[in-house]
Amino acid sequence: MPSTDTTTATEVAPHEDTAGVEAGLDALDAVQPQRTSPAQLLREKVLPPVLAVLLVLAGWQLTYSLHVVPDYKLPGPVDVWHSFQDLWFQGTLFSIIWTSVWRGLSGFVLAVVIGTPIGLVVARVKPVRTAIGPVLQGLQSLPSVAWVPAAVIWLGINSSMMYVVILLGAVPSIANGLVAGIDQVPPLFLRAGRTLGARGLSGARHVLLPAALPGYLAGLKQGWAFAWRSLMAAELIAGSPDLGLGLGRYLENQREASDLAGVLLGIVLILVVGVVIDLLVFTPIERRVLRGRGLLQGSR
């Protein structure tokens, strides 16, 4: 009898261990991230930036009230607000913003269409990478404003010139972001894809690009930042009635009129548009991708 009990215990123990491991794995799979309540979302996500803006405004107003800087060099927040009201009542505020936003977004989409295949080829074809890779890195570090005089000479002051400057600023960032993302893809993914028949364009579409998506999204965000800055540089330097009045041209017009309140308003609008586009477009996509890969902990 003792020997029989020992044998039974020996046989049952591994089964119990396996069941425990399976139960633990099932428990991990069953864990769902808790949803954030509206009050917690307000406290953690909305309140901190609002307080930061209020502190900046308070410091600005205090500096203005104490006359630390002459009024003609630093107008108060109320003066900037009056400039905003002037644009609002004139009915030109949204027109100015939309002119730049439409030009920037359409130029960015075109940059994605061009930069994505360039990045894919550079990442996968070694001779092309050796020849073009350093050029892309150099173009990314080149200030966008440097392209404006050349683009004006090539194309004149028109919309085509604006888009060329945007492309020259954004395409290298998008291509380099995709190259960096592909470099981080484990070789095992590519071998598994080839085993399943995903080769060539099919492999790039179903294996390579999805695996490189986090790095690619980082490149897209940086590409948008470069596109927006390139556009502002082009609008600041090259102005024409045929181009319409965008944020960059509005900023330059206020400088020529020595209206510092209008200049500060232009800077604030450019900053706000860039932040809003990032928060409404890129941040949700990035969070969704990272959460889907288990790289982002926290609430939904």
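Only the coordinates and a few stated rules stand behind these numbers; no lab work does. Just so you know, these numbers come straight off a predicted model, no measurement behind them. Glycine also receives a Cβ, built like all others from the backbone with ideal geometry; neighbour counts cover every protein chain displayed.
For region 53-187, a crude dipole built from +1 on the beta carbon of Lys and Arg and -1 on the beta carbon of Asp and Glu, taken about the Cα centre, is about 580 debye to the nearest 20.
Normalised by 2.2 N^0.38 Å, where N counts its residues, the alpha-carbon radius of gyration of region 84-292 equals 1.17. Put a dot 7 Å past the Cα of V275, heading toward its Cβ, do the same for L105, and the two dots end up 2.0 nm apart. Counting beta carbons within 10 Å around each of K73, K45 and listing the fewest first gives the order K73, K45. Placing R0 at 51 angstrom, the Cβ-Cβ distance between R124 and F84 gives a FRET efficiency of 0.55 after rounding to 0.05.
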